[in-house]
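The values are calculated or read from the model by the stated rules, or taken from the named source; none is laboratory data. Only a predicted model underlies this, so the values are computations on that prediction, with no experimental measurement involved. As a convention, Cβ positions derive from the backbone with ideal geometry for all residues, glycine included, and neighbour counts pool all protein chains shown.
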Amino acid sequence: MSVLVYTENWDGKFKKLSYELVSYASGVAKMLNSSVTALSIGKVEEAELKRLGDYGAARILSVDNEILASLDNQTYANVIAEVAGKENASVIIISNNNTGKAVAPRLSVKLKAGVGSGVSRLPLSVNPFTLYKRTYSGNAFAHVIIKSDVKILTIAQNSFDLIETANNAAVEKINVSVDNSQVKTKVQNIQKQTGKILLTDADIVVSGGRGMKSPDNWSTLVELASALGGATACSRPVSDEGWRPHEEHTGQTGKIIAPNLYIAVGISGATQHLAGISSSKYIVAINTDKDAPIFESAQYGIVGDAMKVLPKLVSAVKEFKK
Amino acid sequence: MKVLVCISNVPDTTTRIKFAEGNASIDTTGIQWVINPWDELSLTRALELKDDPGTGVKSVTIAHVGPASAEPTLRKALAIGADEAVRVNAESSDAYFVAAQIAEVIRKEQFDIILCGIESSDYNGSVVGGMISEFLGIPSVSAVSGLKIENGNAVINREIDGGKEVVTIPLPFVAIVQKGIAKEPRIASMRGIMLARTKPIRTFEPVSVEPLTQIISFEKPAPRSACKFVDAENPAQLIDLLMNEAKVI
Ligand SMILES: Cc1cc2nc3c(=O)[nH]c(=O)nc-3n(C[C@H](O)[C@H](O)[C@H](O)COP(=O)(O)OP(=O)(O)OC[C@H]3O[C@@H](n4cnc5c(N)ncnc54)[C@H](O)[C@@H]3O)c2cc1C
């Protein structure tokens with residue numbers, strides 16, 4: 001029996017997210033007296049693969065096959081199911097990101113394995129196998145039992161700390177049975193987001209709402225985000241108005257994020273907005289209205305006009321960082 | 001071409017969630033039930049496709065797994081414009097159970113395009129759509145933010161982690177949709193509400209499926225500490241606190 005973790009790569013590199021997953025898998029393996037096998041799909045150099053061992057992977061399996069260059073949900077689920085079967089995996093761990101959401105449910109039906117999705121803590125117990133997961137868009141957390149023999153967990157990003165446990169794991173190149181005729185999703189066009197920190201990966205996020213008044217006022221907000229090494233986000237009306245791109249919209253119907261620091265500027269703090277950000281470790285609010293509901297969720301606040309506060313914050317950050 | 005839109009019946013998104021005695025379930029007193037926000041957008045897109053004669057979409061059916069108490073929500077979807085509804089008469093015990101029921105409906109009635117939301121705002125599971133596709137052995141595309149029909153083929157915009165793609169996929173398929181699929185949810189007109197009264201809601205009995213998961217209890221999120229205010233004239237103090245107290249920058 002083993003704990004299998006699927007570690008996605010981006011242009012041959014792993015991200016913090018990948019190491020979070022392996023750390024989480026090691027935690028589960030410890031509870032089960034089992035060991036972690038990491039699965040990588042795609043072209044990744046041996047040295048990079050070996051890094052998965054630093055977070056507790058005992059074995060690292062690498063599948064490199066041209067057919068798997070782009071995501072076809074069915075084919076990916078088949079590959080992971082095949083490896084899970086060979087490895088006799090009792091728990092399969094995947095990110096709760098777009099890929100995980102695309103693949104985990106198919107894998108579940110294929111293996112008749114219950115899924116716990118958006119899990120943010122280690123299992124509360126392994127017998128029965130009980131998970132802690134976000135429900136009601138962050139307004140409640142549920143204890144959920146998975147009753148099947150094989151369990152699939154999708155892990156919420158930025159919710160689990162990295163645990164380094166030196167482990168000199170061997171990398172094994174393996175083959176899987178795939179052929180091109182299985183691939184039904186044909187990619188016509190790819191637009192990669194490059195050069196910018198992805199909102200879902202960011203440790204620090206500076207986010208603007210309708211209180212920013214006009215898209216022309218965003219330059220100091222962007223400047224603050226870059227001075228802090230963070231990403232920018234926005235509330236729904238801001239992206240609906242076209243002031244900012246849709247990828248930045250956070251909340252119930254947008255991205256769900258859990259950065260260490262979320263700075264909400266001119267955002268009132270509607271429940272639907274909080275649904276996307278309530279797992280942030282610290283929330284800072286900047287708002288002219290001292291009664292704005294966002295202050296109830298914030299640990300630090302400034303009652304004031306964003307246009308005046310933002311430039312001062314930018315210079316303060318630059319000063320402190322010197 | 002027939003489109004099926006899966007509808008989840010959820011508490012209004014502003015609901016203050018309270019638990020019933022013993023914290024094993026949600027206290028439903030006073031809750032306003034609505035169509036899951038993403039399902040509302042899928043329905044809107046399905047109706048737009050039907051309105052466009054070039055797509056060949058002839059009908060939009062909605063499917064729901066749940067007790068009769070969900071019918072007002074289904075009527076709302078019919079009032080927005082769906083042609084008919086199918087309700088599988090069972091408590092939606094878990095995602096696997098629900099997906100198995102909807103897959104059974106699709107096996108019986110044959111649909112070309114099946115739309116599901118990326119998650120339901122109550123259970124936040126993100127799995128029903130993908131499960132349906134695997135039960136049926138048909139392709140699925142997730143994180144769909146655009147769907148067009150061109151010459152009988154589906155052209156889909158999807159989000160991947162770190163970018164966007166345009167993909168094509170053969171019918172029948174399941175699209176798991178998110179923001180962008182439609183601009184604004186369509187709302188019911190007076191005429192729509194009148195028409196919905198006589199539109200059919202057909203009831204199916206469930207097939208026997210063992211759920212794979214079970215919620216045993218709920219808890220509230222951990223409370224946050226009270227807000228510490230910093231003078232607007234001295235924002236540098238905020239940076240100091242973030243560096244030295246919270247240690248997050
Ligand atoms: C089904 C559904 C789903 C939804 N999903 C989402 C979602 O995913 N994400 C989301 O964000 N919203 C969502 N909403 C909308 C949500 O209800 C709110 O309308 C929205 O979050 C408000 O955005 P806002 O805070 O930017 O604007 P407002 O509520 O208008 O707030 C603006 C704030 O800026 C402050 N302000 C004004 N001027 C200044 C100034 N000069 N300096 C500083 N502060 C200033 C004001 O005091 C106010 O608090 C959803 C709604 C529904 C019904």
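If you take the residues of the stretch A:197-211 that are closer than 15 Å to A:His246 by Cα and assigned to a loop (DSSP other than H, G, I, E, B), which of them is farthest from the ligand (Cβ to nearest atom)?
A:Leu198
Select from the stretch B:218-249 the residues that are in a helix (DSSP H, G or I) and within 41 Å of the chain's Cα centre (by Cα) and write down the one among them that is nearest to the other protein chains (Cβ to nearest Cβ).
Once the filter is applied, the top-ranked residue is B:Ile239.
Using beta carbons and a limit of 9 Å, which pairs, at least six apart or on different chains, have the first residue in the stretch A:306-319 and within 7 Å of chain B (Cβ to nearest Cβ) and in contact (Cβ under 8 Å) with a residue 12 or more places away in the chain and the second one within 15 Å of the ligand (Cβ to nearest atom) and part of a helix (DSSP H, G or I)?
A:Val309/B:Leu238; A:Leu313/A:Thr220; A:Leu313/A:Leu224; A:Leu313/B:Leu238; A:Val317/A:Leu224
Give the residues of the stretch A:265-305 that are surrounded by 24 or more Cβ atoms within 10 Å (Cβ to Cβ), outside any loop (DSSP other than H, G, I, E, B) and either modelled with pLDDT under 95 or near the ligand (Cβ under 8 Å from one of its atoms) (or both), sorted by residue number.
A:Val265, A:His273, A:Gly276, A:Ile286, A:Asn287, A:Ile294
Residues B:Ala77, B:Ala99: which one is among the aliphatic types (A, V, I, L, M), more than 16 Å from the ligand (Cβ to nearest atom) and either within 13 Å of chain A (Cβ to nearest Cβ) or surrounded by 20 or more Cβ atoms within 10 Å (Cβ to Cβ) (or both)?
Only one candidate qualifies: B:Ala99.
Can you tell me which of A:Pro245, A:Pro259, A:Pro215 is more than 9 Å from the ligand (Cβ to nearest atom) and surrounded by 20 or more Cβ atoms within 10 Å (Cβ to Cβ)?
Values: A:Pro245 fails: surrounded by 20 or more Cβ atoms within 10 Å (Cβ to Cβ); A:Pro215 fails: surrounded by 20 or more Cβ atoms within 10 Å (Cβ to Cβ).
Criteria check complete, one pass: A:Pro259.
Report whether or not A:Gly251 is at positive phi and within 11 Å of chain B (Cβ to nearest Cβ).
Working: at positive phi: yes; within 11 Å of chain B (Cβ to nearest Cβ): yes.
So A:Gly251 fits the description; yes.
For A:Val109, which of the numbered conditions (1) free of Cβ contacts under 8 Å to residues at least 12 places away in the same chain; (2) in contact with an Asp or Glu (Cβ under 7 Å, 6 or more places away or on another chain); (3) surrounded by fewer than 24 Cβ atoms within 10 Å (Cβ to Cβ); (4) not hydroxyl-bearing (Ser, Thr, Tyr) fails to hold?
(3)
Looking at the structure I just gave you, is A:Thr130 closer than 28 Å to B:Val209 by Cα, among the β-branched types (Val, Ile, Thr), at pLDDT 95 or above and surrounded by fewer than 22 Cβ atoms within 10 Å (Cβ to Cβ)?
Numbers: closer than 28 Å to B:Val209 by Cα: yes; among the β-branched types (Val, Ile, Thr): yes; at pLDDT 95 or above: yes; surrounded by fewer than 22 Cβ atoms within 10 Å (Cβ to Cβ): yes.
Spelling it out, A:Thr130 is indeed closer than 28 Å to B:Val209 by Cα, among the β-branched types (Val, Ile, Thr), at pLDDT 95 or above and surrounded by fewer than 22 Cβ atoms within 10 Å (Cβ to Cβ).
For A:Ser235, are the conditions met, namely being within 14 Å of chain B (Cβ to nearest Cβ) and either in contact with a Pro (Cβ under 9 Å, 6 or more places away or on another chain) or more than 16 Å from the ligand (Cβ to nearest atom) (or both)?
no
So the check is Cβ under 7 Å with 6+ separation or different chains; which pairs have a first residue in the stretch A:237-256 that's closer than 20 Å to A:Lys101 by Cα and assigned by TED's automatic domain parsing to the domain that holds A:Gln157 and a second one that's assigned to a helix (DSSP H, G or I) and more than 8 Å from the ligand (Cβ to nearest atom)?
If the second residue must be assigned to a helix (DSSP H, G or I) and more than 8 Å from the ligand (Cβ to nearest atom), no pairs are left.
Would you pick out the residues in the stretch B:69-90 that are more than 17 Å from the chain's Cα centre (by Cα) and over 24 Å from B:Ser189 (Cα atoms)?
B:Asn89, B:Ala90
If I ask for residues that are part of a loop (DSSP other than H, G, I, E, B) and more than 8 Å from chain A (Cβ to nearest Cβ), which ones from the stretch B:147-162 would you list?
Those that are part of a loop (DSSP other than H, G, I, E, B) and more than 8 Å from chain A (Cβ to nearest Cβ): B:Asn151, B:Gly152.
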